[in-house]
Amino acid sequence: MSTPTVSLQQVSKTFGDVKAVSEVSFDVYPGEIFGLLGPNGAGKTTTIRMMLDIFRPDSGQITIFGGPLDEAAKNRIGYMPEERGLYRDLKLEPTLIFLAMLKGLSESEAREKLAVWLQRLDLWEHRQKKIQDLSRGMQQKAQIIATLAHEPDLIVVDEPFSGLDPVNTRLIKDIIQEQSDAGKTVIMSTHQMYQVEALCNRIVLIDEGSSVLYGEVEQIKRDFTAHAVLVEGEGDFSNLPGVLEMRRENGTWHMSLAPGVDTQSVLRSLLQRPDVQIHRFELAQPSLEDIFVATVQGERSHA
């Protein structure tokens, strides 16, 4: 396998009495779309900031492009933080030119590359507007352009689909896939699990500062097959022992089970209820959202 673009080995970071990140390890490779996942406050943003040398880890080792992160390596990175950072009272095109020049492009190079991006993302007609006068979706697309204009080799995007309608969401998904196909490394952090399933090869799930799941998305889903069931029938399905979460879709109950819970015990619990009739009960390959919920709640119940 090729050298990882990003490698974290046993990385930890503490702020006062709070251990924000605890011995997290993972590798991300060229051409990969990698999901960095976790609930709010799990340590994802701290992990990203350590990767980008905004924070220094207390312990552990981080390598980017096979070595420490120097200034030349920083110019090979495109980062879109969740807290958007464009200058709201400045015009769009001059702002994007300025940001591209900070990453090493000349003004003429920046203008040339930005013209292509502005046209592709339907912002060309709006390039002389102040950023504060753009819609939320337009600002989001402008932030994507700022992240990609200098053609980075490592792309880190935090909630890239926030504020986008379905048409623009598909456009940004296509762009992310194109970057991966071109051999770029993409690290994506988002709460939209269906987007992770659609795009990511592998994931790491961080909860309360620690890595609790790491690997290929399809393998993780196979490993969790016994943790979800589909049930059709009538009666009271609430408060079943061992069921972490359930939702109803098109008349079918989709139940996420806690780790270690036997599916037969769930079936027995249902059959013991006098008002319940079961027409269908089967194992389901869980969605990534089911796995996320089961893992996070399972970890906290054992904490």
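What follows is calculated from the coordinates using simple rules that are stated; it is not laboratory data. Bear in mind the structure is a predicted one, so any value in this text is a computation, not a measurement. Note: ideal-geometry Cβ built from the backbone for every residue, glycine included; neighbour counts use all protein chains shown.
For the reader, a short list of remarks on this structure follows.
- With 0.36 nm allotted per residue and the present C-alpha distance subtracted, the Lys74-Asn40 stretch has 9.6 nm of extension available.
- Cα-centred dipole magnitude for the chain, charges only on beta-carbon of K, R (+1) and D, E (-1), debye, nearest 20: 600 debye
- Computed over neighbours whose Cβ is under 9 Å from that of Ser287, the net charge equals -2, Lys and Arg +1, Asp and Glu -1.
- Neighbour counts of C-beta atoms inside 10 Å place Tyr29, Tyr194 in the sequence Tyr194, Tyr29, starting with the fewest.
- R0 of 22 Å, Cβ-Cβ distance Glu249-Glu23: FRET efficiency to nearest 0.05: 0.05
- Modelled FRET efficiency - R0 25 Å, Gln61 with Tyr194, Cβ distances, 0.05 increments: 0.15
- Across Lys13/Lys44; Lys74/Lys184; Lys74/Lys103; Lys44/Lys141; Lys91/Lys141, pairs whose alpha-carbon gap is larger than 19 Å: Lys44/Lys141
- Point-to-point label distance, Glu112-Glu232, nm (Cα→Cβ direction, 7 Å offset): 6.0 nm
- For the stretch 1-120, the ratio of Cα radius of gyration to the globular rule of thumb 2.2 N^0.38 Å stands at 1.25.
- Summing charges over all other residues whose Cβ lies under 13 Å from the Cβ of Arg202, with Lys and Arg as +1 and Asp and Glu as -1, gives -4.
- Within the stretch 61-103, backbone nitrogen closer than 15 Å to the virtual label 7 Å beyond the Cα of Gln128 toward Cβ: 91-95
- Listed residues Val116, Val21, Ile48: farthest to the positive end of the dipole of the chain (Cβ charges): Val116
- GNM on the chain, alpha-carbon springs under 10 angstrom: the most fluctuating residue among Ile203, Ile54, Ile62 is Ile54.
- The smallest convex shape that holds all Cα atoms of the stretch 225-284, its convex hull, gives 70 Å³ per residue.
- Cα-based convex hull volume of the chain per residue, rounded to whole Å³: 154 Å³
- In plain terms, the residue of Arg120, Arg202 with the fewest other Cβ atoms within 10 Å comes first and the most crowded comes last, giving Arg120, Arg202.
- Taking other C-beta atoms within 10 Å as the exposure proxy, Asp17, Asp153 rank Asp17, Asp153 from fewest upward.
- Whole-Å distance, taken between Cα centres, linking the stretch 64-136 and the stretch 188-242: 35 Å
- Pairwise FRET efficiency - Asp89 versus Asn201, Cβ, R0 = 45 Å, nearest 0.05: 0.65
- Summing Cβ point charges (Lys, Arg +1; Asp, Glu -1) relative to the Cα centre of the stretch 103-221 gives a dipole of roughly 380 debye.
- Most mobile of Thr147, Thr45, Thr225 in a GNM of the chain (Cα contacts under 10 Å): Thr225
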